[in-house]
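Novice: Here it is: the structure, laid out below.
The values are calculated or read from the model by the stated rules, or taken from the named source; none is laboratory data. None of these values were measured; they are calculated from a predicted model. Heads up, the Cβs are rebuilt from the backbone with ideal geometry, glycines too, and the neighbour counts pull from every protein chain shown.
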Amino acid sequence: MQFIDEATITVAAGHGGDGIVAWRREKYVPKGGPAGGDGGRGGDVVLLADPELGTLVDFRFKKQFGAESGKAGGQNNKAGPAGKEMLIRVPVGTLVTRTEVDAEGNKLHARLFADLSTAGERVRVARGGRGGQGNQHFATAARQAPRFAEKGAPGEHCELRLELKLLADAGVIGLPNAGKSTLLSVVSAARPKIADYPFTTLEPQLGVVRVAEFESFVMVDVPGLIEGAHEGAGLGDRFLRHVERTRVLVHLIAGDKPLHDVLADKETIETELRAWNAALLDRPIILVITKLDLPDARATFEALRDDLPGLRGISAATGEGVRELVYAVWETIRATPLPAIVQPEPAQIELTANEPFAIEIEDGVYVVSGERVERLAQMTDFDNDEALVRFEQILAKMGVDKKLRELGVHAGDTVRIAGVEFDYS
């Protein structure tokens, strides 16, 4: 399966069902009153963290998702069925950034919305629209036979950017051909590609490392980093994010080089980590010289072990030092708390002083905006005279009509609300 760790999709919740105009039709009940049922609520769009998924490849070709709309109401005050929710499964460890999209398709503000870091976690990313009310709700002493009903409200529509950050306890980092894939293949059942040329590993590899019968940890092998990786050189900018959740980093350095090259390799990786996320250098880092089965590597290890406290040496070919390294990683994991989980910022709600709406003049058109007034327009049947009268009455009570007059509106001028235009009268 191809490894995909980023995807952008659009989701649309279901529209609410329309309320209907209906009347009581019962034997021996003369002059039956209004009995139009309400429309059902539109279905929500929900993301579910599924532990059986390990990649976002499902979103490579399918990028649009929509929930079912609610059904229209029925006679005899029967409400219409609600729409079914759309459940979208994503891997555990997925960050969700949500960009709101208005009715015209314009992108509004984006914000980090959720961090699905727990298996089975659910989050609603788009709310279904409310069902419209049937004519039963609009009967009054003066209007005993209302011949209009509400339309269903539209569901929310948004764009989601999904970013997968693998959940692993230990991350193996280093330059290409440092022995990362070989180590993972020796200590776990993972079988990454191994060869004697750089960038053999083209995607992160996960492996479960068994320490004892009931003790194990997850290790991730990150594709080789090179100088400039944080800026996109090589593959680093795509995969550095996968070590952000690890508790401990295992930094492998190939020892079959001159001493000054080994130290330069160490500095290169630390510089890239610092440039990507300086907090990574605050995590426990176990420095390891690899390829001890080669004389040059052993000489390098002996020369550095006094200057670099905690330095370890291994040979994946012979197994020397590998088991000791596994125990050291395990003890470090047990002593290190989980990294902080990303907490999405709460939505910023802007409150206007005593005015639930705003009016702007664009090219001679009076544009009225505001959540309540826009929803009212979306749920009004403008082809129905009685519904139009109710719409105008509510606008007058809200103060929209008064504000329009203060701005100099005249009969015949165009007013736009939620994409609906009409002449002011």
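Novice: Out of region 243-265, which residues are out of contact with any strand residue (DSSP E or B) (no Cβ under 6 Å at 6 or more places or on another chain) and more than 20 Å from A317 (Cβ to Cβ)?
Specialist: Answer for region 243-265, where residues must be out of contact with any strand residue (DSSP E or B) (no Cβ under 6 Å at 6 or more places or on another chain) and more than 20 Å from A317 (Cβ to Cβ): E244, R245, R247, P258, L259, H260, D261, L263, A264.
Novice: Please work out if K62 is assigned by TED's automatic domain parsing to the domain that holds L95 and under 27 Å from L116 (Cβ atoms). Explain how you work it out, then say what you get.
Specialist: Details: assigned by TED's automatic domain parsing to the domain that holds L95: yes; under 27 Å from L116 (Cβ atoms): yes.
Yes: the conditions hold for K62.
Novice: Continuing with the same structure: Only one of (1) surrounded by 15 or more Cβ atoms within 10 Å (Cβ to Cβ); (2) over 26 Å from E163 (Cβ atoms) fails for I9. Which number is that?
Specialist: Evaluating I9 over (1) surrounded by 15 or more Cβ atoms within 10 Å (Cβ to Cβ); (2) over 26 Å from E163 (Cβ atoms) leaves (2) as the failure.
Novice: Which number in (1) closer than 19 Å to G179 by Cα; (2) modelled with pLDDT of 90 or more; (3) small (G, A, S) marks the one condition that A316 misses?
Specialist: The single condition A316 does not satisfy is (2).
Novice: Just wondering, is there one or more residues in region 320-341 that are modelled with pLDDT of 90 or more, surrounded by 10 or more Cβ atoms within 10 Å (Cβ to Cβ) and part of a loop (DSSP other than H, G, I, E, B)?
Specialist: yes
Novice: Sticking with this structure for a sec: For region 383-425, which positions are among the β-branched types (V, I, T), within 18 Å of A153 (Cα to Cα) and surrounded by fewer than 17 Cβ atoms within 10 Å (Cβ to Cβ)?
Specialist: Answer for region 383-425, where residues must be among the β-branched types (V, I, T), within 18 Å of A153 (Cα to Cα) and surrounded by fewer than 17 Cβ atoms within 10 Å (Cβ to Cβ): I394, V420.
Novice: Now a separate question. So which of E150, E121 is outside the structural domain of L281 (by TED's automatic domain parsing) and touching a strand residue (DSSP E or B) at 6+ places or on another chain (Cβ under 6 Å)?
Specialist: E121
Novice: So, M1, is that one at pLDDT 95 or above and either under 30 Å from L167 (Cα atoms) or more than 16 Å from the chain's Cα centre (by Cα) (or both) or not?
Specialist: no
Novice: I'd like the full set of residues that are modelled with pLDDT of 90 or more, under 24 Å from Q378 (Cβ atoms) and surrounded by fewer than 16 Cβ atoms within 10 Å (Cβ to Cβ), limited to region 82-121.
Specialist: The one that is modelled with pLDDT of 90 or more, under 24 Å from Q378 (Cβ atoms) and surrounded by fewer than 16 Cβ atoms within 10 Å (Cβ to Cβ): K84.
Novice: Restricted to region 243-287, and to residues that are assigned to a helix (DSSP H, G or I), more than 21 Å from E302 (Cβ to Cβ) and aliphatic (A, V, I, L, M), which residue is modelled with the lowest pLDDT? First the steps, then the outcome.
Specialist: Here is the first cut: in region 243-287, the residues assigned to a helix (DSSP H, G or I) are 243, 259-276, 278-282.
Right, trim to more than 21 Å from E302 (Cβ to Cβ) and you get 243, 268-276, 278-282.
Among the residues that remain, those that are also aliphatic (A, V, I, L, M) are: 243, 269, 273, 275, 278-281.
Details: V243: 79, I269: 87, L273: 83, A275: 82, A278: 83, A279: 84, L280: 84, L281: 87.
Of everything passing the filter in region 243-287, V243 is modelled with the lowest pLDDT.
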